[in-house]
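I have placed the structure first, in the form of structure tokens, so that the comments after it can refer back to it.
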Amino acid sequence: MGMDGMEVIAIAVVFGLFYVVLKQFGVWEPLSLEDDSCDGELELSMVRHQPEGLDQLQAQTQFTRKELQSLYRGFKNECPSGLVDEETFKSIYSQFFPQGDATMYAHFLFQAFDMDRSGSIRFEDFVIGLSVLLRGSVTEKLRWAFNLYDINKDGYVTKEEMMAIMTSIYDMMGRYTLPSVRDDSPYEHVERFFQKMDRNRDGVVTIDEFIETCQKDENIMASMQLFENVI
């Protein structure tokens, strides 16, 4: 797999594999625009965590009021408590990738959603992230992807962090994928990633370097369009 293939994997995996979460939470099909009465202000009586009001979430996202109601119904069906913990998140991914080990990739993705570092994903976290990935601008989507790769959230992506992400992707896809991959493939891909992204050769990739390089890559830009009309 060449340099372009690696870049598409490294970026598109954030958006392409996100369908797993959409499908699990019942929002893969077009959102229902019916029945805005019984869930008008989000049914809160049986949940541990009470989400923010619809008006506030509508202001924070690109979703309409009725879309938020449908999203909440799907979320609540899967998570009656109103919260998703990391083990549940890992379980979701393991169901879709039985041939590999999705534990670490699910861990990194969970951290990207868990914005307040509480150890649980709230409906607000879920829907704000979903809004960015599906309806955000190119820059917003790339910032979200960068946040996933920036494991320690210090504003830089190091080779060690990118290696951890790439290894988790290979582990998730399984060792028996075709074409088969060598044990040193993640290392080679990280090196190619930095050759292109690390413009000033200081050993780290900044958010500006990441966004500028991605925006100039037609394959990466095309991969970000795949799921814009899912809901």
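If the reach is capped at under 20 angstrom between alpha carbons, list the lysines near residue 66, excluding any in the same chain fewer than eight residues apart.
By straight Cα distance, residue 66 reaches 23, 76.
Kindly rank 71-77, 137-143 from highest to lowest mean number of other beta carbons found within 10 Å of each residue.
Packing order, densest peptide first, comes out as 71-77, 137-143.
Taking square-rooted eigenvalues a ≥ b ≥ c of the alpha carbon gyration tensor, is the range 100-207 rounded, prolate or oblate, where a/c under 1.5 means rounded and, failing that, a/b exceeding b/c means prolate? Display every interim value, and only then the final one.
Details: a/c = 1.92, a/b = 1.26, b/c = 1.52.
Oblate.
When we measure straight from the Cα of residue 216, which lysines land under 24 angstrom away, once same-chain ones fewer than 8 places off are left out?
Cα-Cα hits under 24 Å: 141, 159, 196.
Need one word for the range 131-174: rounded, prolate or oblate. Basis is the Cα gyration tensor (sqrt eigenvalues a ≥ b ≥ c); a/c below 1.5 gives rounded, then a/b vs b/c decides.
oblate
Once you order the gyration tensor axes a ≥ b ≥ c over the Cα atoms, which shape class does the range 83-153 get: rounded for a/c under 1.5, otherwise prolate or oblate by comparing a/b with b/c?
prolate
Only the coordinates and a few stated rules stand behind these numbers; no lab work does. Here the structure is a predicted model, which is why all the values come from computation and not from measurement. As a convention, Cβ positions derive from the backbone with ideal geometry for all residues, glycine included, and neighbour counts pool all protein chains shown.
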